[in-house]
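Trainee: One structure is given below, represented as structure tokens, and several questions about it will come after.
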Amino acid sequence: MIRIIKADGTAEREQIASMRSRAAEVGADIERAVGAVMQDVREKGFSAVEKYSLQFDRKAPYEIGMETLEEAYARCTGGLISAMEHAAANIRDYNEALLATSREWISPDGGIVGRVVRGLTRVGLYVPGGTAAYPSSVLMNAIPAKVAGVKELIMVTPPTENLNDAVLAAAKIAGVDRVIAVGGAQAVAALAYGAGFIPKVDKLVGPGNAYVAAAKRMAYGTLDIDMVAGPSEVLVIADESADPKYVAADLLSQAEHDRLASSVLLTTSQGLATRVDAEIIRQTSYLGRSEIIAASLRDFGCAIVCRDLKQAAELANVVAPEHLEIVTEDPRSLLPDIQNAGAVFLGAWSPEPLGDYLAGPDHVLPTSGTARFFSPLSVDSFLKTMSVVEFSRETLAPIREEIVTMAEAEHLTAHANSIRVRFE
């Protein structure tokens, strides 16, 4: 069951504030514990990583051989392998289409300028252990990296007693180069600073618990990270033409993630909001995570009745949701009004789970309003560029005095001298 409220300038602001509050600051106790682990690993290397692995996971870090991935692949059902291979192909095709290329051109002053695009050298991929086994996230994180030309992709995952076959099979499909059984903040620290057979990486991607998230924040600057993701969220814009059964199902698909997930409907129809609420009650009765769904919808779910679709789009831009579905009579016509969203799904036949698994664009998306300035993970996330400048004496000569003038205005006489000496 969800609350139905009318947009009046206050109710919707309270709902947005409630959604943002889910991304609360990490507790001081977690910060202290993770800070100690990071410092210990930085100073003592692998011995510290091993100590924390034995303490928290009861097993020392070890490398998982490629033959183990092959065996896991063989144990998975044919249907699952087929689905993952299909998803991998779509993700690969999408990112290959986005891949930036190096280019050069002649500047107005006659010199050659441009940029060279390179893939990162080494990237780490964190994959949670325990009950959080998501092979789709392995595909979504690893394949864009490989398309970018990352030379070495290292997956780390906690050394649980029974490593998940689907996760290991996904690593094989995605082309992961090495898999190391190590988890927690100590895994992040090892990848940030290097520890024994665990090399330091240029970037770390992938989800994790609060300790892993805190460690990624602390490591940022020593390495790059994808983002520190908050609880999942979906916002659906729907008009009277929408099928309440579909809208309810899509709201529920996010609510089942966890108790902090947010599912919000923006609609121009009070009648649709009422029918969606009835469908939510009906469908929840046969879903497996009904307690989590109920808590999520109670605390962070609602339907807001808007004056028109323009107001709905304006509210959506303020929320800047992770997932935005537009289920209206003409969904594409509203797209130009959308400024802030992680991913936009147009029409009744483009539900959010399509993007989670098979469409091609990444499901690693900005949350908690950060779609105002962050973008989804993609091949771009694993690329860096270098500027290229090539002038000759003939093309530098006409502009040399302007460079000298600007350098002297900044009291950088050595900069000015670097130009002058070439023409003495």
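Trainee: In segment 315-338, which residue that is without any contact (Cβ under 8 Å) to a residue 12 or more places away in the chain and of a type outside the set (A, V, I, L, M) is nearest to residue 13 (Cα to Cα)? Before the answer, list the steps.
Mentor: Here is the first cut: in segment 315-338, the ones without any contact (Cβ under 8 Å) to a residue 12 or more places away in the chain are 330, 333, 335-336.
Now restrict to residues that are of a type outside the set (A, V, I, L, M): 330, 333, 336.
Values: 330: 27, 333: 26, 336: 23 Å.
Within segment 315-338, the match that is nearest to residue 13 (Cα to Cα) is 336.
Trainee: Please work out if residue 406 is modelled with pLDDT of 95 or more and in a strand (DSSP E or B).
Mentor: For residue 406, the condition - modelled with pLDDT of 95 or more and in a strand (DSSP E or B) - is not met.
Trainee: Now a separate question. For segment 31-38, state whether one or more residues are open to solvent by 50 Å² or more (accessible area, probe 1.4 Å) and in contact with a Ser or Thr (Cβ under 9 Å, 6 or more places away or on another chain).
Mentor: Checked against the condition, which is being open to solvent by 50 Å² or more (accessible area, probe 1.4 Å) and in contact with a Ser or Thr (Cβ under 9 Å, 6 or more places away or on another chain), segment 31-38 yields no hits at all.
This table checks each residue for (1) acidic (Asp, Glu); (2) closer than 24 Å to residue 248 by Cα.
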position: 327; (1), (2): no, yes
position: 355; (1), (2): no, yes
position: 364; (1), (2): no, yes
position: 367; (1), (2): no, yes
position: 370; (1), (2): no, no
position: 392; (1), (2): no, no
position: 397; (1), (2): no, no
position: 401; (1), (2): yes, no
position: 407; (1), (2): no, no
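Trainee: Just for segment 204-254: of the residues that are over 14 Å from residue 267 (Cβ atoms) and among the acidic types (Asp, Glu), which one is surrounded by the fewest Cβ atoms within 10 Å (Cβ to Cβ)?
Mentor: 224
Trainee: Picking from 315, 365, 396, 324, which residue would you name as being in a loop (DSSP other than H, G, I, E, B) and open to solvent by less than 90 Å² (accessible area, probe 1.4 Å)?
Mentor: Values: 315 fails: in a loop (DSSP other than H, G, I, E, B); 396 fails: in a loop (DSSP other than H, G, I, E, B); 324 fails: in a loop (DSSP other than H, G, I, E, B).
Going through 315, 365, 396, 324 in turn, just one is in a loop (DSSP other than H, G, I, E, B) and open to solvent by less than 90 Å² (accessible area, probe 1.4 Å): 365.
Trainee: Confirm whether residue 57 is surrounded by 17 or more Cβ atoms within 10 Å (Cβ to Cβ), at pLDDT below 95 and over 29 Å from residue 234 (Cβ atoms).
Mentor: Criteria met by residue 57.
Trainee: OK, next. Residue by residue through segment 275-293, note down the ones that are within 15 Å of residue 4 (Cβ to Cβ), among the hydrophobic types (A, V, I, L, M, F, W, C) and either open to solvent by 80 Å² or more (accessible area, probe 1.4 Å) or without any contact (Cβ under 8 Å) to a residue 60 or more places away in the chain (or both).
Mentor: Those that are within 15 Å of residue 4 (Cβ to Cβ), among the hydrophobic types (A, V, I, L, M, F, W, C) and either open to solvent by 80 Å² or more (accessible area, probe 1.4 Å) or without any contact (Cβ under 8 Å) to a residue 60 or more places away in the chain (or both): 278, 281.
Trainee: Would you mind telling me which numbered condition in (1) within 21 Å of residue 179 (Cα to Cα); (2) surrounded by fewer than 16 Cβ atoms within 10 Å (Cβ to Cβ); (3) more than 28 Å from the chain's Cα centre (by Cα); (4) not acidic (Asp, Glu) residue 66 fails?
Mentor: Failed condition: (3).
Trainee: Which condition from (1) crowded, with 20+ Cβ neighbours inside 10 Å; (2) modelled with pLDDT under 95; (3) more than 26 Å from the chain's Cα centre (by Cα) is the one that residue 309 breaks?
Mentor: For residue 309, the failing item is (2).
Trainee: Another question, if that's okay. Mind listing whichever residues of segment 147-198 are farther than 21 Å from residue 57 by Cβ, basic (Lys, Arg) and not in a helix (DSSP H, G or I)?
Mentor: 151
Trainee: With (1) under 19 Å from the mean Cα position of the chain (by Cα); (2) under 30 Å from residue 118 (Cα atoms); (3) polar (S, T, N, Q) as the list, and residue 385 as the residue in question, which single condition is left unmet?
Mentor: (1)
Trainee: Any chance segment 286-301 includes a residue that's within 14 Å of residue 235 (Cβ to Cβ) and touching an Asp or Glu at 6+ places or on another chain (Cβ under 6 Å)?
Mentor: no
Trainee: Read through the list (1) open to solvent by 10 Å² or more (accessible area, probe 1.4 Å); (2) closer than 20 Å to residue 245 by Cβ; (3) assigned to a helix (DSSP H, G or I), then give the number of the only condition that residue 296 fails.
Mentor: So residue 296 meets the others, but not (1).
Trainee: Taking only segment 120-136 into account, find how many residues are closer than 26 Å to residue 78 by Cβ and either modelled with pLDDT of 95 or more or buried (at least 24 other Cβ atoms within 10 Å of the Cβ) (or both).
Mentor: Qualifying residue count for the region: 4.
Quick grid of which residues meet (1) among the β-branched types (Val, Ile, Thr); (2) in contact (Cβ under 8 Å) with a residue 40 or more places away in the chain; (3) over 17 Å from residue 231 (Cα atoms):
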residue	(1), (2), (3)
262	no, yes, no
267	yes, yes, yes
272	no, no, yes
300	no, yes, no
307	no, yes, yes
312	no, yes, yes
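Trainee: Say we look at segment 339-362 and pick out the residues that are free of Cβ contacts under 8 Å to residues at least 60 places away in the same chain and part of a helix (DSSP H, G or I); which of these is least open to solvent (accessible area, probe 1.4 Å)?
Mentor: Only one residue fits best here, namely 355.
Trainee: Between 81, 112, which is β-branched (Val, Ile, Thr), surrounded by 14 or more Cβ atoms within 10 Å (Cβ to Cβ), in contact (Cβ under 8 Å) with a residue 12 or more places away in the chain and in contact with an Asp or Glu (Cβ under 8 Å, 6 or more places away or on another chain)?
Mentor: After applying the criteria, what remains is 112.
Trainee: Anything in segment 188-201 that is surrounded by 18 or more Cβ atoms within 10 Å (Cβ to Cβ) and either over 16 Å from residue 33 (Cβ atoms) or in contact with a Pro (Cβ under 8 Å, 6 or more places away or on another chain) (or both)? List them, or say none.
Mentor: Hits for segment 188-201 are 190, 191, 192, 193, 195, 198, 201.
Trainee: For segment 402-422, give me the residue count where each residue is more than 18 Å from residue 109 (Cα to Cα) and surrounded by 12 or more Cβ atoms within 10 Å (Cβ to Cβ).
Mentor: 9
The values are calculated or read from the model by the stated rules, or taken from the named source; none is laboratory data. None of these values were measured; they are calculated from a predicted model. Here the Cβ is made from the backbone with ideal geometry for all residues, glycine too, and neighbour counts use every protein chain on show. SASA here: full protein model, heavy atoms, side chains in, ligands and nucleic acids out. Shrake-Rupley method; radii C 1.70, N 1.55, O 1.52, S 1.80 Å.
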